[in-house]
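Peer 1: Dumping the structure here so I can ask a few things about it.
The values are calculated or read from the model by the stated rules, or taken from the named source; none is laboratory data. Because the structure is a prediction, the values reported are computed rather than measured. Please note: Cβ atoms are built from the backbone with ideal geometry, for glycine as well, and neighbour counts cover all protein chains shown.
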Amino acid sequence: MIKRVVMWFVLVPFGLILALFALANRQVVQIGIDPISPETPFWGPIEVPLFVVIYAALLLGVLLGGVGDWLNQGKHRKAERQLRRDLNKIQKESAPKQQPKNDDPLALLDGPSH
């Protein structure tokens with residue numbers, strides 16, 4: 001239910017806004033890389049619509065932010081793995097030792113033998 005509410009009230013209007021933005025910014029711009037010598041650029045110039053440049057910059061920012069955040073959280077993930085190892089070790093050490101039963105399948109139904 002929540003997924004449908006999110007889809008209809010957040011994602012659909014957001015998609016419409018992105019589509020309208022793309023339609024409003026169709027003018028062609030030239031992009032190239034070489035601030036020192038514009039006559040002989042290192043790369044480009046190529047002509048692309050303005051919305052492509054803006055969307056590419058937005059996507060690049062989201063990806064770089066996600067990678068940076070993931071790298072920043074590495075120490076927390078490492079600490080969690082260590083805590084899980086310690087917990088498993090403690091649980092194995094404190095588990096009661098089971099005495100092996102004989103090969104009789106009905107022995108499993110019996111209570112603990114004294």
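Peer 1: So which residues in the stretch 36-57 are surrounded by fewer than 12 Cβ atoms within 10 Å (Cβ to Cβ) and within 30 Å of I17 (Cβ to Cβ), if there are any at all?
Peer 2: I46, E47, A57 - these are the residues of the stretch 36-57 that are surrounded by fewer than 12 Cβ atoms within 10 Å (Cβ to Cβ) and within 30 Å of I17 (Cβ to Cβ).
Peer 1: Further question: State whether one or more residues within the stretch 37-46 are of a type in the set (A, V, I, L, M, F, W, C) and either within 25 Å of G15 (Cβ to Cβ) or at pLDDT 95 or above (or both).
Peer 2: No, that holds for no residue.
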